[in-house]
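**Q** Quick one: structure below, then a few questions.
The values are calculated or read from the model by the stated rules, or taken from the named source; none is laboratory data. Just so we're clear, the structure is a prediction, and the values are computed from it rather than from any experiment. Here the Cβ positions follow ideal geometry from the backbone for every residue, glycine too, while neighbour counts run over all protein chains shown. Calculation scope for accessible area: heavy atoms of the full protein, side chains included, ligands and nucleic acids excluded. Shrake-Rupley method; radii C 1.70, N 1.55, O 1.52, S 1.80 Å.
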Amino acid sequence: MSKVHVIGAGLAGLSAAVRLVQAGVDVVVHEQAAHAGGRARSFHDAVLDEVIDNGNHLLLSGNRSVLNFLSLVNASDRLTGPSGARFDFFDLETSDRWSVDLTRGPVPLWVLYKDRRVRGTTMGDYVKGLKLLTAGDRSVANLFAGQGQIYRRFWEPFAVAVLNTPADQAVARLLMPVIRETLAKGAASSRPLIAKKGLSDTFADPSSTWLERHGAEIRFNDRVSMLRSNNHRIISLTTGNGDEPVGPGDGVVLAVPPWSAAELIDDTQAPQKFAPIVNIHFRVPDCGKQVMRSPLLGMVGAVSHWIFVRDDVVSVTVSAAYDLARQANEHIADTIWGEVSQALDMPGHPLPKVRIIKERRATFVATPEQLSRRPACVTSTKNLVLAGDWTDTGLPATIEGAVRSGEVASDTLLKGIS
Ligand SMILES: Cc1cc2nc3c(=O)[nH]c(=O)nc-3n(C[C@H](O)[C@H](O)[C@H](O)COP(=O)(O)OP(=O)(O)OC[C@H]3O[C@@H](n4cnc5c(N)ncnc54)[C@H](O)[C@@H]3O)c2cc1C
């Protein structure tokens, strides 16, 4: 393969591009936006006068593709998190606080200790988790609802966070690969990690710099509007600058979101239903570090799901936020700050400066129907492969899934699919 056009500079496209350049291929990245990062990016917000992320992103130390990718682009030091696999929680309804603190190694000894497991749960509750192995297409609620605190304080928040889908719709088996690669391996693979300064500083900036230093070309504001094919090969792509030939030995990685892919190729099966994530960023000098031992706090019994603290910004994530996304920003800010101030023991008034970001198509909805629409990376067009969190990675729509899809797509092209 002499040259590969990577369409889309989200994390899937960047991951594919890095791997292809490493293999000695000429790479041109076409990105419609003025920046890389896609759905995981940062920007300077004038209201808060801070660099904020479009949404808080939580990773785990078992996300091996992400860690490998960051190591390749010399950015391993741009994630941060507590030294152990400890997750702090606050239950707004009962005011209970507890930490889940995993032990080392694959034997989950932590479930034996009352003060290391979810407050109000028993060891037997975790054994019932084995139902996941035979879950079929059942939803998380169908498997676990009615089991008391283990459902309310673990399964439901875990499913909503990982799958961005309400627990009564979220297909439980998609949690399995995440559990297998992280929690089931113990503390070393389950440490929570977040971007130290911001998502772009961690992902898009170092990988774009690396790519350019290694001879790749990244064209921003370069939307690909058409792919022409002949005899099952892409022969040209159309951008705002006209048609660009794709030579007989050249390849294309299409790493755009599903709705863009559906516009570019006729016969692609792709998820069609998406769920919103709302992020509420407050500027709070000296924010709640006295209560937050770790940069994140899980919320139960609240509209807020996770509170993240970085420098002077407290950010709250609400996943599968269908109701919230429809509400007026003033109402959202009041509701969420009311919860944050209780959780972090801070004054409820005045309301700090706030910026609300509603990502309406944050990820596809993890229902059996939508999962069945995830395509493989190989297409019927010989020199075209797909990448993106929505392709059939076996993982939920996450950064790990996006980066891994880029690996698979580039390896597939390199092996020569013709
Ligand atoms: C608010 C929010 C919170 C999230 N939280 C987490 C989390 O905590 N943990 C986690 O792991 N994941 C999280 N995710 C999911 C994660 O962000 C995505 O899985 C990942 O970023 C998807 O990357 P991607 O490259 O597949 O797609 P995208 O990021 O969508 O990248 C696609 C790129 O293609 C470009 N493009 C589109 N059409 C064209 C075209 N025609 N020509 C050229 N370029 C084009 C787009 O501009 C974009 O840059 C979250 C997502 C959101 C929105």
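**Q** If GLN342 passes every condition in (1) open to solvent by 20 Å² or more (accessible area, probe 1.4 Å); (2) in a loop (DSSP other than H, G, I, E, B) but one, which one does it miss?
**A** (2)
A quick yes/no check of all residues on (1) over 21 Å from the mean Cα position of the chain (by Cα); (2) open to solvent by less than 30 Å² (accessible area, probe 1.4 Å):
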{"position": "VAL73", "(1), (2)": "no, yes"}
{"position": "LEU79", "(1), (2)": "no, yes"}
{"position": "ASP125", "(1), (2)": "yes, yes"}
{"position": "LYS128", "(1), (2)": "yes, no"}
{"position": "GLY136", "(1), (2)": "yes, no"}
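**Q** Residues in the stretch 382-409 that are away from the ligand (no atom under 13 Å from the Cβ), buried (at least 19 other Cβ atoms within 10 Å of the Cβ) and of a type outside the set (A, V, I, L, M): how many?
**A** Adding up the residues that qualify gives 1.
**Q** Within the stretch 6-61, can you find the residues that are in contact with a Lys or Arg (Cβ under 6 Å, 6 or more places away or on another chain) and small (Gly, Ala, Ser)?
**A** Across the stretch 6-61, the qualifying residue is only SER61.
**Q** Is it the case that the stretch 69-92 has a residue that's without any contact (Cβ under 8 Å) to a residue 40 or more places away in the chain, outside the structural domain of THR239 (by TED's automatic domain parsing) and within 16 Å of the ligand (Cβ to nearest atom)?
**A** No, the stretch 69-92 contains no residue that is without any contact (Cβ under 8 Å) to a residue 40 or more places away in the chain, outside the structural domain of THR239 (by TED's automatic domain parsing) and within 16 Å of the ligand (Cβ to nearest atom).
**Q** Residues of the stretch 158-178 being in contact (Cβ under 8 Å) with a residue 24 or more places away in the chain, open to solvent by less than 30 Å² (accessible area, probe 1.4 Å) and in a helix (DSSP H, G or I), which ones?
**A** Across the stretch 158-178, the qualifying residues are VAL160, VAL162, LEU163, ALA172, LEU174, LEU175, PRO177, VAL178.
**Q** Here is a follow-up. When you scan the stretch 336-381, how many residues do you find that are in contact with a helix residue (DSSP H, G or I) (Cβ under 8 Å, 6 or more places away or on another chain), within 21 Å of ARG39 (Cβ to Cβ) and more than 16 Å from the ligand (Cβ to nearest atom)?
**A** Count: 0.
**Q** Ok, one more. Identify, please: which residue in the stretch 230-247 is over 13 Å from VAL28 (Cα atoms) and more than 16 Å from the ligand (Cβ to nearest atom) and is, among those, surrounded by the most Cβ atoms within 10 Å (Cβ to Cβ)?
**A** The qualifying residue surrounded by the most Cβ atoms within 10 Å (Cβ to Cβ) is ARG233.
**Q** Is there a residue being of a type in the set (A, V, I, L, M, F, W, C) and surrounded by fewer than 16 Cβ atoms within 10 Å (Cβ to Cβ) anywhere in the stretch 45-64?
**A** Checked against the condition, which is being of a type in the set (A, V, I, L, M, F, W, C) and surrounded by fewer than 16 Cβ atoms within 10 Å (Cβ to Cβ), the stretch 45-64 yields at least one hit.
**Q** Tell me which residues, restricted to the stretch 106-119, are over 26 Å from the mean Cα position of the chain (by Cα) and open to solvent by less than 60 Å² (accessible area, probe 1.4 Å). Talk me through it step by step, then tell me what you get.
**A** To start, the set of residues in the stretch 106-119 that are over 26 Å from the mean Cα position of the chain (by Cα) comprises 107, 109-116, 119.
The answer is TRP110, VAL111.
**Q** Still on this structure: State all residues of the stretch 307-335 that are within 14 Å of the ligand (Cβ to nearest atom) and not in a helix (DSSP H, G or I); if no residue qualifies, say none.
**A** ILE307, PHE308, ARG310, SER315, VAL316, THR317, VAL318, SER319, ALA320, ALA321
**Q** Inspect the stretch 182-201 for any residue being within 11 Å of the ligand (Cβ to nearest atom), touching a residue at least 40 places away in the same chain (Cβ under 8 Å), in a loop (DSSP other than H, G, I, E, B) and in contact with a Gly (Cβ under 9 Å, 6 or more places away or on another chain) and give the result as yes or no.
**A** Within the stretch 182-201 (the criterion being within 11 Å of the ligand (Cβ to nearest atom), touching a residue at least 40 places away in the same chain (Cβ under 8 Å), in a loop (DSSP other than H, G, I, E, B) and in contact with a Gly (Cβ under 9 Å, 6 or more places away or on another chain)), the answer is no, since none of the residues qualifies.
**Q** Residues ASP222, ASP250: which one is surrounded by 15 or more Cβ atoms within 10 Å (Cβ to Cβ), touching a Ser or Thr at 6+ places or on another chain (Cβ under 8 Å) and over 30 Å from ARG360 (Cβ atoms)?
**A** ASP250
**Q** Ok, one more. Give the residues of the stretch 288-314 that are open to solvent by less than 10 Å² (accessible area, probe 1.4 Å) and of a type in the set (Gly, Ala, Ser), sorted by residue number.
**A** Scanning the stretch 288-314 gives GLY288, SER294, GLY298, SER304.
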